[in-house]
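The values are calculated or read from the model by the stated rules, or taken from the named source; none is laboratory data. The model shown is predicted, which means the values in this text are computed figures rather than measured ones. When we count neighbours, we look across all protein chains shown, and the Cβ atoms used for this are built from the backbone with ideal geometry, even at glycine.
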Amino acid sequence: MSRQGDQITWVRETQHLDFMDALRQLADRAGIDLHEDANAGPARKERQEAMTAMDRAVTWYHERLLNSPDARPAREYLRSRGLSGDVARQFKLGWAPDEWDALSTALKLNEKVLSDTGLGFVNKRDRRQDALRARVIFPIFDPSGKAIAVGGRILPSSGNEPRPDGRIEPKYKNSPETPIYSKRRTLYALNFAKDDIVKSGEIIVCEGYTDVIAFFTAGMPRAVATCGTALGEDHFKIMRNFATRIVLAYDADSAGQSAAASVYQWESQHEVDVFVAKLPKGTDPAELAQRDPAALQESIENAAPFLRFRLDRVLEGANLKTAEGRVRAGESAMHVLAEHPNELVRDIYIQDLVGRLGLDQDILRARVREIAGNPASGRFVRSPMSLRLSAARVQPCPVRGSRRCVSSCTALPL
């Protein structure tokens, strides 16, 4: 397909960048010093120094992983997670040695640059100190491929060993917010994934770096992850530029805890569809990619719409063999349904609930409308309508032939 427009438009459309990022990329390629306004010179110079330092740091960490003898445990750990040398090179993974100031000394980084990048700080002894030690490094890039931050994972063998002060090191430590890095506006691996995202029309959102890489190794190089923060408004603004089908590849509990009201708002506002991958219970993408990559692919292909996933979670945990169990499941399901802002969508799922629970459609519809109009209303079983629903559920038994079923009858149709 042919495209028309100037060079800036071309870069924006092909690289999926906003206007200023596209302009900066073209200026960098041409060797032009771009001044955005009269006061932007010093700030831009500081930003460029920070970007250069981060790029050098990522390269330094990467070379340590590939070549340094002290990085052998890190290489073994990566291999145990199914991450080969080729994968390490593709994502430019690195190793931060167990030394106080190896990075800042090797790169001769001054205090200002250390602070502006989050790569280090000045300690109580007034000495420069690296922020990350004895960790596998996962570089974080902007959509154009420039390094802007790093995340570090401690090796499993040292994760539970307390420090001299008694504290236990967290599994992950990430760069703080800096002039070149905003967590709420960054998606890990988007620079690597964007081409396949655009090609497929789908973006997979994970919880961690290794989960993202797992999707790449399993033949789905369109995964990204948030960087130590919850999925938010700015993330959706970014993702909308690349694809309209967004699949959450979280574990079941995390996916179920997503803020439903926000997800529905983002679906409507950004014209996207949010799905949830149904991963086997107790597994994460990284584990599944090693054990059964075909199952991981299937979980994405069969991902359920966000509302469907939440309703299925309610019904899967319910006892549908008794009338009381179905009424309780209906109660919970109606509160889930009522959170969706579109009445037409709610009505479609109501019809599905009628078939699965054998409850009265008109009563379900009225009750969902009531809850939606007054979210603080009482629980379903305590409302007068619940009594009507329970009474409506008593009907001729198709198996026993008695005039009415009792609540313990398992012959009630599902």
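A few remarks follow.
- Per the listing Leu83, Leu103, the residue uniquely part of a helix (DSSP H, G or I), surrounded by 22 or more Cβ atoms within 10 Å (Cβ to Cβ) and touching a residue at least 12 places away in the same chain (Cβ under 8 Å) is Leu103.
- Enumeration of residues in segment 114-154 that are touching a residue at least 12 places away in the same chain (Cβ under 8 Å), of a type in the set (A, V, I, L, M, F, W, C) and surrounded by fewer than 18 Cβ atoms within 10 Å (Cβ to Cβ): Ala134
- Arg313 among the basic types (Lys, Arg) and within 22 Å of Lys183 (Cα to Cα): no
- In segment 331-378, the qualifying residues are those that are in contact (Cβ under 8 Å) with a residue 40 or more places away in the chain and aliphatic (A, V, I, L, M), and the one that is farthest from Lys321 (Cα to Cα) is Val336.
- The condition (being assigned to a helix (DSSP H, G or I), of a type in the set (Lys, Arg), outside the structural domain of Asp195 (by TED's automatic domain parsing) and at pLDDT 70 or above) is satisfied by just one residue among Arg12, Arg29, Arg44: Arg44.
Rundown of residues vs (1) in a helix (DSSP H, G or I); (2) surrounded by 20 or more Cβ atoms within 10 Å (Cβ to Cβ); (3) of a type in the set (S, T, N, Q); (4) modelled with pLDDT under 95, yes/no style:
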site: Leu288; (1), (2), (3), (4): yes, yes, no, yes
site: Glu298; (1), (2), (3), (4): yes, no, no, no
site: Lys321; (1), (2), (3), (4): no, no, no, yes
site: Glu331; (1), (2), (3), (4): yes, yes, no, yes
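- Residue within segment 87-110 that is modelled with pLDDT under 95 and under 30 Å from Ile238 (Cβ atoms) present: yes
- Of everything in segment 190-225 that is polar (S, T, N, Q) and closer than 19 Å to Glu298 by Cβ, the residue that is surrounded by the most Cβ atoms within 10 Å (Cβ to Cβ) is Thr217.
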